[in-house]
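The values are calculated or read from the model by the stated rules, or taken from the named source; none is laboratory data. These figures come from a predicted structure and were not determined experimentally. Neighbour counts run over all protein chains shown; Cβ positions are idealised from the backbone, glycine included.
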Amino acid sequence: MREAAFIKRHKEKWQQFEDILSKKISVSPDKISDLYIEITDDLSYAKTFYPHSKVVAYLNGVAAAAHLKIYVSKKESKNRFISFFKTEFPLEFYQHQKQLLIAFSVFLFFAMVGAFSAANDVDFVRVILGDSYVNMTLENISKGDPMAVYKKQAEMDMFLGITINNIRVAMMAFVLGILFSIGTLFVMMQNGIMLGSFLYFFYDKDLLWESSRTIWIHGTIEIAVIIIAGCAGMVLGNGLLFPKTYSRLESFKKSIKAGLKIMVSTIPFFIIAGFLEGFVTRHTEMPDWLAICIILASLSAIVYYYIIYPIQLTKKIKKDVQQ
């Protein structure tokens, strides 16, 4: 019944759009672009609530035809960009909350493994973080500035270097999902162990608070989006492992597209994390309250956009359809 109500509500608009594409109706390019955005929003909704319905295939066909017509000689409009982040992506990401939870759980588990291992093996931190980093940090601690590593590079150089490196790690977490998600879980394991041993290293030196209030200024977003990239990798891997009613090839294509959308959503957050690490984290003299505010604001933004907002938006649209 819900699907029938959805079709009834929008079929006139879909027919109008088909008439425009077949040149039965003449409208302005801006009107075509607006209708295209509405069609893709309807498609995202249909994929969420009626994934195996014929309406999904129908809207896919209409959207594909529209895309060819609109974007052969014209770049996507700003409205399309806004629509992606505001509606299209959150609605689709609602379907991947389970993969996000698994990626987070694996990362958290191995962070605890890393901390436990560092506590029981004095050489473990050096194996994971490297002798050069450990020796440099010990020297900084002896000089009374344990977080001096964040002050060595110029701001812009650090911003660019860190952002590119973080995107590289995230892309690795995503692409390795092609190994039936095992590669992605390995990246989560690797980064989790690194974080856990890093935190224990400073805890062992009675510097857990000072290190945490510094590194989590940028690390809150940085770690979160790496975990989200892990979610994208698992979406990719699950497309191969669990094709459901699709052929394995078709399922794989769909999972690549879904995973890439997740990766695109993380780019602004990676830029913010790189900016914070390059320009803000180095100011270790900032008051605790300011550092805490930045950390909480970063955490709130991530949790809201990737967890709370997709749930709220899905419930709202579901309610609108039922009315």
Looking only at the stretch 45-68, decide whether some residue is assigned to a helix (DSSP H, G or I), modelled with pLDDT under 70 and surrounded by 14 or more Cβ atoms within 10 Å (Cβ to Cβ).
yes
Looking only at the stretch 181-190, count every residue that is surrounded by 20 or more Cβ atoms within 10 Å (Cβ to Cβ) and under 26 Å from T281 (Cα atoms) and tell me the total.
2
Here the residues within the stretch 255-271 that are crowded, with 17+ Cβ neighbours inside 10 Å and either closer than 19 Å to F159 by Cα or aromatic (F, W, Y) (or both) are T266, F269, F270
Answer yes or no as to whether A291 is in contact with a Lys or Arg (Cβ under 7 Å, 6 or more places away or on another chain) and either modelled with pLDDT of 95 or more or assigned by TED's automatic domain parsing to the domain that holds D42 (or both).
yes
All but one of (1) in contact with a Ser or Thr (Cβ under 8 Å, 6 or more places away or on another chain); (2) touching a residue at least 60 places away in the same chain (Cβ under 8 Å) hold for T266, so report the exception by its number.
(1)
So, in the stretch 191-227, of the ones that are over 25 Å from N120 (Cβ atoms) and aliphatic (A, V, I, L, M), which residue ends up surrounded by the fewest Cβ atoms within 10 Å (Cβ to Cβ)?
A224
Could you grab the pairs with beta carbons closer than 9 Å, sequence gap of 6+ or different chains, first residue in the stretch 80-94 and not assigned by TED's automatic domain parsing to the domain that holds Y309 and surrounded by fewer than 19 Cβ atoms within 10 Å (Cβ to Cβ), second one aromatic (F, W, Y) and modelled with pLDDT of 90 or more?
F85/Y305
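Filter the stretch 171-180 down to the residues that are of a type outside the set (F, W, Y) and surrounded by 24 or more Cβ atoms within 10 Å (Cβ to Cβ) and list them by number.
Step one: filter the stretch 171-180 for residues of a type outside the set (F, W, Y), giving 171-173, 175-179.
A173, G177 - these are the residues of the stretch 171-180 that are of a type outside the set (F, W, Y) and surrounded by 24 or more Cβ atoms within 10 Å (Cβ to Cβ).
What about F252, is it over 30 Å from E155 (Cβ atoms), at pLDDT below 95, in a helix (DSSP H, G or I) and in contact with a Leu (Cβ under 8 Å, 6 or more places away or on another chain)? Explain how you work it out, then say what you get.
Details: over 30 Å from E155 (Cβ atoms): yes; at pLDDT below 95: yes; in a helix (DSSP H, G or I): yes; in contact with a Leu (Cβ under 8 Å, 6 or more places away or on another chain): yes.
Considered against the rule, which asks whether it is over 30 Å from E155 (Cβ atoms), at pLDDT below 95, in a helix (DSSP H, G or I) and in contact with a Leu (Cβ under 8 Å, 6 or more places away or on another chain), F252 comes out as yes.
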Scan the stretch 151-159 and tell me whether some residue there is crowded, with 16+ Cβ neighbours inside 10 Å, assigned by TED's automatic domain parsing to the domain that holds F107, of a type outside the set (G, A, S) and in contact with a helix residue (DSSP H, G or I) (Cβ under 6 Å, 6 or more places away or on another chain).
yes
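Kindly indicate which of A119, A148, A111 is more than 22 Å from I267 (Cα to Cα), modelled with pLDDT under 95 and of a type in the set (A, V, I, L, M, F, W, C). Before the answer, list the steps.
Details: A119 fails: modelled with pLDDT under 95; A111 fails: modelled with pLDDT under 95.
After applying the criteria, what remains is A148.
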Only one of (1) modelled with pLDDT under 90; (2) in contact with an Asp or Glu (Cβ under 9 Å, 6 or more places away or on another chain); (3) among the polar types (S, T, N, Q) fails for N166. Which number is that?
(1)
